[in-house]
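A short write-up of the structure that comes next.
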Amino acid sequence: MVLTRRAGIKLKYIDKEVELSNELSSLTITDNLSGIIDSIEFVLKNNNNRLLSKENELCNGEKVQFELWTQNWNSVEEGIKIYPLGIYYIDTRSFDNERGTFRAMSIPGGDSQDEVNTKIWGEISLKSLNEEFANKYKISAYFNSKDNPLLKDIKQENEADLSFLKKIAEEEGFNFKINVDKLIMFDIEEYEKKEPKYKLNLNNVTYSIDEETKNLYTRVEIKYKRSKWLDEERAEYSLKDFGIEIPGKVREKTLKINARSKSSDLKKLAKVRLFKENRGRVTLSTTIVDKIDLYSGDVIEVINAGIFSGRYMIKKTTKKLPDLNVKIQAYKIWEK
């Protein structure tokens, strides 16, 4: 017997597991590569004010977990497949006669987002710093890199914890994000070297490509003086020093920084800042159907794009269910 393709959403809340196939109006998941807290918004039907009852209440601050299931979606032989959609904490609720709208974040609200703190570390590795804050908020830490920079003389001064961690990570060329009850740090350059997860043919989708040159930097100059008694440290590099040639006529532009590397590596800091400023040179936006397993941080190969063909890093996905549409934003990876 041939089974029709089917799909549905399950919700896990405290000790309950609920099939939402007939209750869900829409579900939108936003997954970011760096910095911004991932979020989910789901809309449930409110027939006869059922969502206002104690029995069906989904409370603010509580943890919700979603998963998508499909049956025979791509072929008759495929059977049932499960796709975890993440763990979130309900942040806001609103109701009317027809629906209840819930927004949830990938980390509990409270001190981690709002309260400012001050602390000094004489010496600590980036991995240990991430673990320290994860332990503080009783969630997990994830660190993915061949290197673990040793940071010296760092200070959190009247800063929110998440903003501070993001700043320190980015100075060392790492991405920082919060997802699925984890504080996540990974080396963005290492991720850009991954094999493509998906081949995107621009002949088969509606897309937009934007190229930015106005704010493109070709060189970076870093200066730092530890004290008035010591010599000034200095590093200067261009894109050509890293084997990168920019097509077309581009005006030379230097990014000047007065800063120091927390791990005392000015060369690495120069490269990190130069690449960071230029990652938005070529960006791609499109919507893909039936690829629910694409996430920010995945590499895709774009073909039939002429001069814009090549490898791209996904920096944001927006998944809308139950239609299984995935809107992606991606940037073109520098190729030597």
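No lab work stands behind these numbers, since they all come straight from the coordinates. Keep in mind it's a predicted model, so treat the numbers as computed, not measured. Positions of Cβ are backbone-derived with ideal geometry, glycine not excepted, and every protein chain shown enters the neighbour counts.
Odds and ends about this structure:
- Candidates 152, 167, 81, ranked by Gaussian network fluctuation over the chain, Cα under 10 Å, top entry: 81
- Radius, Kirkwood style, for the stretch 116-179 when every pair of distinct Cα atoms is counted (Å): 12.1 Å
- Within the chain, longest stretch free of exposed GluC sites (Glu not before Pro) [DSSP loop, at most 14 other beta carbons within 10 Å]: 116-211
- Electrostatic dipole magnitude of the stretch 1-114 [Cβ: Lys, Arg +1; Asp, Glu -1; Cα centre; debye, to 20]: 360 debye
- Candidates 265, 298, 181: whichever shows maximal mean-square fluctuation once the chain is modelled as a Gaussian network with Cα springs under 10 Å: 265
- Using the rule -39500 (n - 2.57) for each DSSP H run of four or more residues, divided by the residues of the chain, the 222 nm mean residue ellipticity is -3500 deg cm²/dmol.
- Largest mean-square fluctuation among 139, 300, 82, in a Gaussian network model of the chain whose springs join Cα atoms under 10 Å apart, belongs to 82.
- Shape summary: the stretch 129-222 maps onto an equivalent ellipsoid whose semi-axes, from the alpha-carbon gyration tensor, are 30, 20, 14 Å in decreasing order.
- Inverse mean reciprocal Cα-Cα distance (Kirkwood Rh) of the stretch 1-66, Å: 14.1 Å
- For the pair the stretch 167-225 and the stretch 270-321, the centres of their Cα atoms are 9 angstrom apart.
- Assigned charges on the beta-carbon of Lys, Arg, Asp, Glu; the stretch 237-336 dipole about Cα centre (debye): 640 debye
- q = 0.11, 0.13, 0.16 Å⁻¹: log10 I(q)/I(0) that the Debye formula gives for the chain, counting C-alpha atoms only: -0.86, -1.11, -1.41
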